[in-house]
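*Asks:* Supplied in structure tokens, the structure appears directly below.
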Amino acid sequence: MSQQSDNSNEPLVKIRDLRFYRGERAIFDGIDIDIPRGSITAIMGPSGTGKTTLLKLIGGQLRPDAGTIHVDGQDVHKLNNKDLYKLRMRMGMLFQSGALLTDINVFENVAYPLREHTRLPESIIRKLVLIKLEAVGLRGARDLMPSELSGGMARRAALARAIVLDPKMIMYDEPFTGQDPISMGVLVQLIPRLNKASRLTSIVVSHDVQETTNIADMIYVISNGKVIAGGPSKQIANSTSFWVRQFMDGLPDGPVPFHFPAKPLEADILEKAAAHKTGATP
Amino acid sequence: MERLAQLGRAGIASLQRLGRGHLLLLHMFSGITDLIRRPKLLIAQLYSVGVLSMLIITISGLFVGMVLGLQGFYILSQFGAEEALGVMVAASLVRELGPVVTALLFAGRAGSALTAEIGLMKATEQLSGLEMMAVDPIKRILTPRFIAGLLSMPLLAAIFSAIGVIGGHLVGVGLLGVDEGAYWSQMQAKIDLHEDIYNGVIKSIVFGFVCTWIALFQGHDCVPTSEGVSRATTRTVVHSALAILCLDFVLTALMFGE
Ligand SMILES: Nc1ncnc2c1ncn2[C@@H]1O[C@H](COP(=O)(O)OP(=O)(O)OP(=O)(O)O)[C@@H](O)[C@H]1O
Ligand SMILES: [Mg+2]
């Protein structure tokens, strides 16, 4: 670890004026986010606003069109390949889809980062993997192949894999989706526990307002390429802002658009009808 | 005007693709040092790329050799030169049919499988997942497959030719009554190590390189959806077949030109 990590007042992740475009569409139009060390920070926002994209930008898998992302004092997009990989060793990421390797079983999937990055003897690898699998309740499923898991189980197995190297920071992309109330409860306890036990920093992307506000220290709500609210979770949960209330209370009408950008429905329908009448292609 | 712009865009897109393909190639080469430290990865791929292709190669080789025996006998007997059947069968196999047909079969059997595998790994975010685990997916997943393809192709082509010669023998000597001694001795006398065999091997190494490269690039560059993967698989087979046949002409012209 470099000396930067001792600088504990600095946020672990510092995003400044981030801009990212998909074609013409601005996914991020100048956002600033700070993720304090040792905290759980929730990123919320409607589906399709770019929460997954944000995590991929932080992990250095996508390049921003403008702006910077610093993780632990290092500009992620200025690092060379070797340093980027070193940085990623200290990041765990839980993918929305799980992203387990499909040609090896659950045990080997969780053991994979250990085998790649350490020279630990087999007995210790076994112990570490079983401990992590136990934590997510899948010790008994260790011999199953990923294709034999349900969606929720796959995500929990992926979680075990994300934490097996004891990273400094974990990014959870929708950890609660597809979990039954019991495993949901377990995860809701597991995330803060992991965070406390090893002074981890967690970023949780989630739609589950209730669960997320309960465990998060900080919340950022993103919509339409902007951060529409950010701050301590109590403050956000009690916010009176229209934008935030609409999202937190799940109201269909309000300033946060439920629809993907489009022209009005009537215009779309009429246009089709007109095109049919004249026989022209739209 | 619209047309022109479209043409220009298509041109730029294919140039970009070409550039990405070469970058991928360089990246794969840079993974070779890691591969030397972990030969296990290569062995697993040699099995799935090479060994699993052997059945189709053997059977095809046998039948191609048998057809050569039949056709060759028919033509040669018109000139009373049936003894040359062995040379004819062996030369056409070693020089042309061995490398070319093997490469075409390889593109259909192993190339398409490689593209589909890599493409699906991309579509299911397994490649992204590896990246976030600080494992370079190109070095870890693509390089072993590339080297395995490169090594397998000449061996498969050699097997194809050898089985083909036996097939020609079965038909020519066994069925049509060509003299066994003549079949073998003429072959031995007329097939040149340098001229025929080396050139055939060089061809199949080139084909192995190109086919595996195309297959891996198409998989790695595909649109990460089921439709994207299926298109990429088709492209692998089509592009490989075209590349093999064009390169075969060029190589033949260079080797046997003067
Ligand atoms: N590969 C891509 N090419 C083009 N556009 C993309 C691509 N991936 C995502 N997008 C666009 O980027 C936007 C953000 O996608 P992202 O996956 O980050 O959303 P999200 O906030 O994670 O949504 P969800 O909550 O549904 O997972 C989407 O509206 C999508 O249209
Ligand atoms: Mg998402």
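*Asks:* Taking A:Gly38, is it more than 14 Å from every other protein chain (Cβ to nearest Cβ), in a loop (DSSP other than H, G, I, E, B) and within 19 Å of the chain's Cα centre (by Cα)? Walk me through how you get there before you give the answer.
*Replies:* On the way: more than 14 Å from every other protein chain (Cβ to nearest Cβ): yes; in a loop (DSSP other than H, G, I, E, B): yes; within 19 Å of the chain's Cα centre (by Cα): yes.
Yes; evaluated as a whole, the condition is true for this residue.
*Asks:* Under 7 Å between Cβ atoms, which residue pairs at least 6 apart in sequence (or on different chains) link something in segment A:41-57 that is outside any helix (DSSP H, G or I) with a partner that is near ligand 2 (Cβ under 8 Å from one of its atoms)?
*Replies:* Listed pairs, sorted by first residue: A:Ile43/A:Lys51; A:Ile43/A:Val205; A:Gly45/A:Lys51.
*Asks:* Still on this structure, please answer the following. Within the bounds of segment A:58-75, is there any residue that is acidic (Asp, Glu), in contact with a Lys or Arg (Cβ under 7 Å, 6 or more places away or on another chain) and either more than 12 Å from ligand 1 (Cβ to nearest atom) or closer than 27 Å to A:Ala197 by Cα (or both)? Quick ask: steps written out before the conclusion?
*Replies:* Quick first cut of segment A:58-75, residues acidic (Asp, Glu) only: A:65, A:72, A:75.
Now restrict to residues that are in contact with a Lys or Arg (Cβ under 7 Å, 6 or more places away or on another chain): A:65.
Now narrow it down to the ones that are either more than 12 Å from ligand 1 (Cβ to nearest atom) or closer than 27 Å to A:Ala197 by Cα (or both): A:65.
Yes, segment A:58-75 contains a residue that is acidic (Asp, Glu), in contact with a Lys or Arg (Cβ under 7 Å, 6 or more places away or on another chain) and either more than 12 Å from ligand 1 (Cβ to nearest atom) or closer than 27 Å to A:Ala197 by Cα (or both).
*Asks:* Also: Against the condition away from ligand 2 (no atom under 16 Å from the Cβ), of a type outside the set (Val, Ile, Thr) and either over 25 Å from A:Pro192 (Cβ atoms) or within 14 Å of another protein chain (Cβ to nearest Cβ) (or both), how does A:Asp17 come out, does it pass? Give the derivation first.
*Replies:* Numbers: away from ligand 2 (no atom under 16 Å from the Cβ): yes; of a type outside the set (Val, Ile, Thr): yes; either over 25 Å from A:Pro192 (Cβ atoms) or within 14 Å of another protein chain (Cβ to nearest Cβ) (or both): yes.
The answer is yes for A:Asp17.
*Asks:* Next question, about the same structure. For segment A:169-186, state whether one or more residues are within 14 Å of another protein chain (Cβ to nearest Cβ), away from ligand 1 (no atom under 16 Å from the Cβ) and at pLDDT 85 or above.
*Replies:* We begin by selecting, within segment A:169-186, every residue within 14 Å of another protein chain (Cβ to nearest Cβ); these are A:169-174.
Keeping just the survivors that are away from ligand 1 (no atom under 16 Å from the Cβ) gives A:169-170.
Applying the additional criterion that residues be at pLDDT 85 or above yields A:169-170.
There is at least one residue in segment A:169-186 that is within 14 Å of another protein chain (Cβ to nearest Cβ), away from ligand 1 (no atom under 16 Å from the Cβ) and at pLDDT 85 or above.
*Asks:* Every residue in segment A:209-228 that is over 17 Å from A:Gly48 (Cβ atoms) and buried (at least 19 other Cβ atoms within 10 Å of the Cβ), please.
*Replies:* Matches in segment A:209-228: A:Glu211, A:Thr212, A:Ile215, A:Ala216, A:Met218, A:Ile219.
*Asks:* It is to be established whether one or more residues within segment A:197-207 are open to solvent by 50 Å² or more (accessible area, probe 1.4 Å), more than 30 Å from B:Leu120 (Cα to Cα) and out of contact with any Asp or Glu (no Cβ under 8 Å at 6 or more places or on another chain).
*Replies:* Keep residues of segment A:197-207 that are open to solvent by 50 Å² or more (accessible area, probe 1.4 Å), which gives A:197-199, A:207.
Within this subset, residues satisfying the condition of being more than 30 Å from B:Leu120 (Cα to Cα) are A:197-199.
Imposing the further condition that a residue be out of contact with any Asp or Glu (no Cβ under 8 Å at 6 or more places or on another chain) reduces the set to A:197, A:199.
So far as segment A:197-207 goes, yes, one or more of its residues are open to solvent by 50 Å² or more (accessible area, probe 1.4 Å), more than 30 Å from B:Leu120 (Cα to Cα) and out of contact with any Asp or Glu (no Cβ under 8 Å at 6 or more places or on another chain).
*Asks:* Among B:Leu142, B:Leu150, which is the only one that is of a type in the set (A, V, I, L, M), away from chain A (no Cβ under 14 Å) and over 26 Å from B:Phe256 (Cβ atoms)? Full working, then the answer.
*Replies:* Details: B:Leu150 fails: over 26 Å from B:Phe256 (Cβ atoms).
Sole residue among the options that is of a type in the set (A, V, I, L, M), away from chain A (no Cβ under 14 Å) and over 26 Å from B:Phe256 (Cβ atoms): B:Leu142.
*Asks:* Within segment B:123-139, track down each residue that is of a type in the set (Gly, Ala, Ser) and either out of contact with any Pro (no Cβ under 7 Å at 6 or more places or on another chain) or within 9 Å of chain A (Cβ to nearest Cβ) (or both). Talk me through it step by step, then tell me what you get.
*Replies:* At the first step, the residues of segment B:123-139 found to be of a type in the set (Gly, Ala, Ser) are B:123, B:128-129, B:134.
Of everything in segment B:123-139, those that are of a type in the set (Gly, Ala, Ser) and either out of contact with any Pro (no Cβ under 7 Å at 6 or more places or on another chain) or within 9 Å of chain A (Cβ to nearest Cβ) (or both) turn out to be B:Ser128, B:Gly129, B:Ala134.
*Asks:* Quick check on segment A:50-64. Is at least one of its residues open to solvent by 50 Å² or more (accessible area, probe 1.4 Å), on the phi > 0 side of the Ramachandran plot and more than 12 Å from every other protein chain (Cβ to nearest Cβ)? Let's see the steps before the verdict.
*Replies:* Step one: list which residues in segment A:50-64 are open to solvent by 50 Å² or more (accessible area, probe 1.4 Å), which gives A:63.
When the remaining residues are screened for being on the phi > 0 side of the Ramachandran plot, the result is none.
No, segment A:50-64 contains no residue that is open to solvent by 50 Å² or more (accessible area, probe 1.4 Å), on the phi > 0 side of the Ramachandran plot and more than 12 Å from every other protein chain (Cβ to nearest Cβ).
*Asks:* Which ones in segment B:207-231 are within 16 Å of ligand 1 (Cβ to nearest atom) and surrounded by 21 or more Cβ atoms within 10 Å (Cβ to Cβ)?
*Replies:* Result: B:His220, B:Cys222, B:Val229.
*Asks:* Just give me the residues in segment B:79-96 being in contact with a helix residue (DSSP H, G or I) (Cβ under 6 Å, 6 or more places away or on another chain) and of a type outside the set (Gly, Ala, Ser), in sequence order.
*Replies:* B:Glu82, B:Glu83, B:Leu85, B:Val87, B:Met88, B:Val89, B:Leu93, B:Val94, B:Arg95
*Asks:* Quick one: which helices (runs of 4 or more DSSP H) sit completely within segment B:96-206 and have at least 2 residues that are among the aromatic types (Phe, Trp, Tyr), touching a residue at least 24 places away in the same chain (Cβ under 8 Å) and open to solvent by less than 40 Å² (accessible area, probe 1.4 Å)? Please lay out each step first, then the result.
*Replies:* Numbers: elements: B:98-106, B:112-123, B:126-132, B:143-169, B:180-190.
Hits in segment B:96-206: B:143-169.
*Asks:* Let me ask something additional. Residues of segment A:41-57 being charged (D, E, K, R) and either modelled with pLDDT under 90 or within 8 Å of ligand 2 (Cβ to nearest atom) (or both), which ones?
*Replies:* Taking segment A:41-57 as the starting set, the residues that turn out to be charged (D, E, K, R) are A:51, A:56.
The answer is A:Lys51, and nothing else.
*Asks:* Determine which single condition B:Gly21 fails, assuming it passes every other condition in (1) within 30 Å of B:Ser185 (Cβ to Cβ); (2) open to solvent by less than 50 Å² (accessible area, probe 1.4 Å).
*Replies:* Result: B:Gly21 passes all but (1).
*Asks:* Quick one: in segment A:113-141, which of the residues that are closer than 23 Å to A:Asp173 by Cα and either among the basic types (Lys, Arg) or exposed (fewer than 15 other Cβ atoms within 10 Å of the Cβ) (or both) is nearest to the other protein chains (Cβ to nearest Cβ)? Walk me through it before giving the result.
*Replies:* At the first step, the residues of segment A:113-141 found to be closer than 23 Å to A:Asp173 by Cα are A:113-114, A:129, A:131-139, A:141.
Then keep just the ones that are either among the basic types (Lys, Arg) or exposed (fewer than 15 other Cβ atoms within 10 Å of the Cβ) (or both); that gives A:131-132, A:134, A:139.
On the way: A:Ile131: 18, A:Lys132: 14, A:Glu134: 21, A:Arg139: 21 Å.
Among those that are closer than 23 Å to A:Asp173 by Cα and either among the basic types (Lys, Arg) or exposed (fewer than 15 other Cβ atoms within 10 Å of the Cβ) (or both), it is A:Lys132.
*Asks:* Right, A:Gly92: touching a residue at least 24 places away in the same chain (Cβ under 8 Å) and facing another protein chain (nearest Cβ under 9 Å) or not?
*Replies:* Against the criterion (touching a residue at least 24 places away in the same chain (Cβ under 8 Å) and facing another protein chain (nearest Cβ under 9 Å)), A:Gly92 qualifies.
*Asks:* In segment A:102-112, is there at least one residue being open to solvent by 20 Å² or more (accessible area, probe 1.4 Å), touching a strand residue (DSSP E or B) at 6+ places or on another chain (Cβ under 9 Å) and within 14 Å of chain B (Cβ to nearest Cβ)?
*Replies:* No, segment A:102-112 contains no residue that is open to solvent by 20 Å² or more (accessible area, probe 1.4 Å), touching a strand residue (DSSP E or B) at 6+ places or on another chain (Cβ under 9 Å) and within 14 Å of chain B (Cβ to nearest Cβ).
*Asks:* With the condition kept exactly as written, say whether any residue in segment B:52-68 is within 12 Å of chain A (Cβ to nearest Cβ), open to solvent by less than 20 Å² (accessible area, probe 1.4 Å) and either closer than 17 Å to B:Pro154 by Cβ or within 24 Å of the chain's Cα centre (by Cα) (or both).
*Replies:* Taking segment B:52-68 first, the residues within 12 Å of chain A (Cβ to nearest Cβ) are none.
No, there is no match, as no residue in segment B:52-68 is within 12 Å of chain A (Cβ to nearest Cβ), open to solvent by less than 20 Å² (accessible area, probe 1.4 Å) and either closer than 17 Å to B:Pro154 by Cβ or within 24 Å of the chain's Cα centre (by Cα) (or both).
*Asks:* Okay, next question. What strands (runs of 3 or more DSSP E) completely inside segment A:147-254 contain at least 1 residues that are small (Gly, Ala, Ser) and away from ligand 2 (no atom under 16 Å from the Cβ)? Quick ask: steps written out before the conclusion?
*Replies:* Numbers: elements: A:169-173, A:201-205, A:218-223, A:226-232.
Filter on segment A:147-254 gives A:201-205, A:226-232.
*Asks:* Could you list, in sequence order, all residues of segment A:70-88 that are within 14 Å of chain B (Cβ to nearest Cβ), outside any helix (DSSP H, G or I) and within 22 Å of the chain's Cα centre (by Cα)?
*Replies:* Of everything in segment A:70-88, those that are within 14 Å of chain B (Cβ to nearest Cβ), outside any helix (DSSP H, G or I) and within 22 Å of the chain's Cα centre (by Cα) turn out to be A:Val71, A:Leu79.
The values are calculated or read from the model by the stated rules, or taken from the named source; none is laboratory data. Just so it is clear, the model here is predicted, and its values are computed rather than measured. Positions of Cβ are backbone-derived with ideal geometry, glycine not excepted, and every protein chain shown enters the neighbour counts. To get the accessible areas, we keep the full protein, side chains included, count just its heavy atoms, and leave off ligands, DNA and RNA. Shrake-Rupley method; radii C 1.70, N 1.55, O 1.52, S 1.80 Å.
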